[in-house]
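The next block holds one structure in the form of structure tokens; read it before the comments.
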Amino acid sequence: MSSAVCVIFDCNIYIDVVEALGFDASLANLRNFRTASRPLQAEIDAFQCVLAGKFGPYDLKLGSSLHIKDTVQHELSRLPEWSESSAKSFLDQFHDNLVDIMLTGFIGEEHVPPLDHEDGVVFGTCHEIRNTPGIVQTILVTRDKQFADSFKDVPSHTTVLHPIGFMKLCDAAQRMLRRA
């Protein structure tokens, strides 16, 4: 079994990317998508980095959970252009085609201040995935500044980064690999 770094995207990242790509989003659209918005482009770039599958010397995998998928589906279905069935159908294709490690059972909430319930369950997903054999590191990518800032200098099972910070880390891992 090879060693891998696992990235978990917070629900807000999925929602932003799905809204930008639209109903007919596919992995091909995701690989080629460009936008003028730097924050959104960083989110797209983060997905593209995961699709590339390498993080320095490690494989790069995408982790998620049924909780994350259900939350994204619920939030999409609240948007005027999405129905519950269109959101479900879309995520059954898009999300499930991207994810390498999917947790489907109950995931406990991690009560780490200042996390609310949703963030606590996403962080619990990271903890569970970190305990998967072969996973050497978990990275949670979120645009929730308070969430990322809360873990900036705190030792944890998971590194929590904004998409721009994640892309800087990916670039550094690639440079390290080229120098080796």
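The values are calculated or read from the model by the stated rules, or taken from the named source; none is laboratory data. Values in this document were obtained by computation on a predicted structure and should not be read as measured data. No Cβ is skipped: glycine too gets one built from the backbone with ideal geometry, and neighbour counts run over all protein chains shown. For the accessible areas, the whole protein counts, side chains as well, though only heavy atoms, and no ligand, DNA or RNA atoms are used. Shrake-Rupley method; radii C 1.70, N 1.55, O 1.52, S 1.80 Å.
Across the stretch 76-86, computed HN-Hα scalar couplings (Karplus, 6.51 cos²θ - 1.76 cosθ + 1.60, θ = phi - 60°) run 5, 5, 7, 7, x, 7, 10, 9, 4, 6, 5 Hz from first to last residue, x flagging Gly and Pro.
Run the numbers on the stretch 46-133 and let me know its relative contact order in percent, using alpha-carbon pairs under 8 Å that are six or more apart. Relative contact order, the stretch 46-133: 28 percent.
The residues of the chain expose, per residue, 50 Å² of accessible area to a 1.4 Å probe. Rounded to the nearest 20, the size of the Cβ-charge dipole of the chain about its Cα centre is 980 debye, with Lys and Arg at +1 and Asp and Glu at -1. Per DSSP H run of at least 4 residues, take -39500 (n - 2.57); add these up for the chain, divide by its residues and hand me the 222 nm value, nearest 500 deg cm²/dmol. So the helix-based figure for the chain works out to -16500 deg cm²/dmol.
Find how many whole Å separate the alpha carbon centroid of the stretch 32-58 from the alpha carbon centroid of the stretch 102-119. The stretch 102-119 and the stretch 32-58 have Cα centres separated by 25 Å. When the chymotrypsin sites (Phe, Trp or Tyr not before Pro) in the stretch 80-147 are filtered for DSSP coil states and for at most 11 other beta-carbon atoms within 10 Å of their beta-carbon, the remaining sites are F106. For an R0 of 41 angstrom, estimate the FRET efficiency from the Cβ-Cβ distance between R78 and H157 and round to the nearest 0.05. FRET efficiency, R78 to H157: 0.85. Just for the chain, what percent of DSSP beta bridges are antiparallel, to the closest 5? Approximately 10 percent, going by the DSSP bridge assignments.
The length gained by stretching the chain between S3 and D59 to full extension, at 0.36 nm per residue less their Cα-Cα distance, is 19.5 nm.
Each of H127 and T35 was given a label point 7 Å from its Cα along the Cα-to-Cβ line. The distance between the two points is 3.2 nm. Farthest toward the positive end of the dipole of the chain, out of V72, F9, Q48, is the Cα of Q48, where the dipole comes from beta carbon charges about the Cα centre.
Take every Cα pair under 8 Å whose residues are at least 6 apart in sequence, average their separation, divide by the length of the stretch 123-180, and the relative contact order is 31 percent.
Applying a DSSP loop filter and a limit of 15 other Cβ atoms within 10 Å to the trypsin sites (Lys or Arg not before Pro) in the stretch 93-167 leaves K152. Against the set [x] 1.03; [y] 0.99; [z] 1.32, the structure's computed Cα Rg over 2.2 N^0.38 Å falls on [y]. Within the accessible surface of the chain, defined with a 1.4 Å probe on protein heavy atoms only, the carbon and sulfur portion equals 52 percent.
Place a label point 7 angstrom from the Cα of Q137 along the Cα-to-Cβ direction, then list the residues of the stretch 109-128 whose backbone nitrogen is under 18 Å away. Correct set: 126-128.
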